[in-house]
1. Filter the stretch 80-106 for residues that are hydrophobic (A, V, I, L, M, F, W, C) and touching a residue at least 40 places away in the same chain (Cβ under 8 Å) and give the result.
2. Is at least one residue of the stretch 124-140 within 19 Å of residue 189 (Cβ to Cβ), crowded, with 18+ Cβ neighbours inside 10 Å and touching a residue at least 40 places away in the same chain (Cβ under 8 Å)?
3. If residue 179 satisfies all but one of (1) under 16 Å from residue 101 (Cα atoms); (2) in contact (Cβ under 8 Å) with a residue 40 or more places away in the chain; (3) crowded, with 18+ Cβ neighbours inside 10 Å, what's the number of the condition it fails?
4. What about residue 144, is it surrounded by 15 or more Cβ atoms within 10 Å (Cβ to Cβ), farther than 29 Å from residue 63 by Cβ and not aromatic (Phe, Trp, Tyr)?
5. Output the number of residues of the stretch 161-176 satisfying the condition of being assigned to a helix (DSSP H, G or I) and open to solvent by less than 50 Å² (accessible area, probe 1.4 Å).
6. Show the residue pairs that are 6+ apart or on different chains and have beta-carbon atoms under 6 Å apart, the first residue being within the stretch 107-119 and over 13 Å from residue 46 (Cα atoms), the second being among the charged types (D, E, K, R).
Amino acid sequence: MQNTTTLNLFSFNCRRVDYLKVFKCKICQEGYLGDAPPTHCPFCGAHQQYIIEARDFELQEYTLTDVSRRNLEEALNLEVSNAEFYFCAADRADNVADATMFKRLGKVESEHASTIVKELRKQSPDIIRDKNMCSNMNLDNLEESNQRETNAIRHYTRFLGEATEERIKEIFKAIIEIEKDHLSLTDGRF
């Protein structure tokens, strides 16, 4: 007697997708495939309002002012430092939830650095994933995360106010929203 298995495709609990669309994040410029835009960019964390159908994506040319160039350079240094901190904190977290959160935050901050270098038209700096720059105590790393996000929000708010280029304003506005999301992950946890 032969053993056979019949697969009933309708027995699976899945949602039918008529067709996929191609979306693009206006902030990090990464693509996303889906039937609808995600609530947040899976790469940089930008809110849904910044995710558009790729066919509608266009960046306007602009000239970067010296003030914005200086502010972007400072933002790049903050993002690289924060990414390195988060990768360290992920390795030293005492639970899987915080390790996962810190690792994801490291990737998001790395994507912010990548976004900034595109605007500066320069090569991406190395982000060292095993830099010894965090505490061995998870609680201390949660507190430092909160301080780093607060510091970034403060700086980016100033940079937003000093920017004259619409593209740079859009980037800093979006990253401020993202950093506020990050801040909410540690509020009241230390």
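The values are calculated or read from the model by the stated rules, or taken from the named source; none is laboratory data. Being a predicted model, the structure only gives us computed values, none of them experimental. Glycine also receives a Cβ, built like all others from the backbone with ideal geometry; neighbour counts cover every protein chain displayed. Just so you know, the surface numbers come from the protein's heavy atoms only, side chains and all, with ligands and any DNA or RNA stripped out. Shrake-Rupley method; radii C 1.70, N 1.55, O 1.52, S 1.80 Å.
1. Start the filter on the stretch 80-106 by keeping residues that are hydrophobic (A, V, I, L, M, F, W, C), which leaves 80, 83, 85, 87-90, 93, 96-97, 99, 101-102, 105.
Selection gives 80, 83, 85, 87, 88, 89, 93, 101, 102, 105.
2. Residues of the stretch 124-140 that are within 19 Å of residue 189 (Cβ to Cβ), as a first pass: 134-140.
Checking the rest, the ones that are also crowded, with 18+ Cβ neighbours inside 10 Å come to 134, 138.
In the following step, the residues that additionally are touching a residue at least 40 places away in the same chain (Cβ under 8 Å) were identified as 134, 138.
Scanning the stretch 124-140 turns up at least one residue that is within 19 Å of residue 189 (Cβ to Cβ), crowded, with 18+ Cβ neighbours inside 10 Å and touching a residue at least 40 places away in the same chain (Cβ under 8 Å).
3. Exception for residue 179: condition (2).
4. Numbers: surrounded by 15 or more Cβ atoms within 10 Å (Cβ to Cβ): yes; farther than 29 Å from residue 63 by Cβ: yes; not aromatic (Phe, Trp, Tyr): yes.
Against the criterion (surrounded by 15 or more Cβ atoms within 10 Å (Cβ to Cβ), farther than 29 Å from residue 63 by Cβ and not aromatic (Phe, Trp, Tyr)), residue 144 qualifies.
5. Kept after step one, since they are assigned to a helix (DSSP H, G or I), are these residues of the stretch 161-176: 161-162, 166-176.
Filter once more, so that each one left must be open to solvent by less than 50 Å² (accessible area, probe 1.4 Å): 167-168, 170-172, 174-176.
Qualifying residue count, the stretch 161-176: 8.
6. Cβ pairs passing all conditions: 113/79.
Residue-by-condition table, conditions (1) modelled with pLDDT under 95; (2) of a type in the set (S, T, N, Q); (3) in contact with a His (Cβ under 7 Å, 6 or more places away or on another chain):
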{"site": "97", "(1), (2), (3)": "no, no, no"}
{"site": "105", "(1), (2), (3)": "no, no, yes"}
{"site": "108", "(1), (2), (3)": "no, no, no"}
{"site": "113", "(1), (2), (3)": "no, no, no"}
{"site": "116", "(1), (2), (3)": "no, no, no"}
{"site": "127", "(1), (2), (3)": "no, no, no"}
{"site": "133", "(1), (2), (3)": "no, no, no"}
{"site": "136", "(1), (2), (3)": "no, yes, no"}
